[in-house]
Amino acid sequence: LERAKQTARILAGHFQAEVLPLKGLEEVCFGEAEGMPVAEFQQKYGDIFATINDPNNPMAREVKIPGGESVSETLSRALKAIESIKNMDMAPCVGVVTHASLMCNIYQYFFGVKRHFGNLEYFELEV
């Protein structure tokens, strides 16, 4: 979360805008896999990861790593946050800074296509 706040402050400075931290836009919680090296993650949770990334699997949005959250859970909190932004009396255009895994889930929800995001990538969304 701190990296996202730092990025938001840098961007806001260029636009003389205010940074408003908002609950619900935190990175996906990976539970027991938090901070785990990729190779260990794939060995231990490869089946869960495969299910999440299988667009034909009806359980893709519901499975989760023990102690973590599912895609459905992350979308639920993120969509509430996006709706609260929409309802704020702000400029007609706002910027939202968050983390790559959450961005991937939001993008897939709105556009129906899976996309992975790296650092400093963005997409436009009108809600």
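Does region 77-99 contain at least one residue that is under 12 Å from the mean Cα position of the chain (by Cα), part of a loop (DSSP other than H, G, I, E, B) and charged (D, E, K, R)? No, there is no match, as no residue in region 77-99 is under 12 Å from the mean Cα position of the chain (by Cα), part of a loop (DSSP other than H, G, I, E, B) and charged (D, E, K, R).
Residue under question is L75, and the condition is that it be over 19 Å from K114 (Cβ atoms) and out of contact with any Cys (no Cβ under 6 Å at 6 or more places or on another chain); does it hold? Here the answer is no, as L75 does not meet what is asked.
Considering region 98-122, the residues that are open to solvent by 50 Å² or more (accessible area, probe 1.4 Å) and of a type in the set (A, V, I, L, M, F, W, C) include one that is nearest to E2 (Cα to Cα), namely L120.
For residues that are open to solvent by less than 100 Å² (accessible area, probe 1.4 Å) and assigned to a helix (DSSP H, G or I), scanning just region 11-37, find the one that is nearest to E69 (Cα to Cα). Here the residue is G31. Number of residues in region 46-73 that are in contact (Cβ under 8 Å) with a residue 12 or more places away in the chain, assigned to a helix (DSSP H, G or I) and either open to solvent by less than 40 Å² (accessible area, probe 1.4 Å) or not β-branched (V, I, T) (or both): the value is 3. Mind listing whichever residues of region 85-97 are over 16 Å from L11 (Cα atoms) and surrounded by 13 or more Cβ atoms within 10 Å (Cβ to Cβ)? The answer is I85, and nothing else.
The values are calculated or read from the model by the stated rules, or taken from the named source; none is laboratory data. Quick caveat: nothing in here was measured; it's all calculated off a predicted structure. As a convention, Cβ positions derive from the backbone with ideal geometry for all residues, glycine included, and neighbour counts pool all protein chains shown. Accessible surface areas use protein heavy atoms only, side chains included; no ligands, DNA or RNA. Shrake-Rupley method; radii C 1.70, N 1.55, O 1.52, S 1.80 Å.
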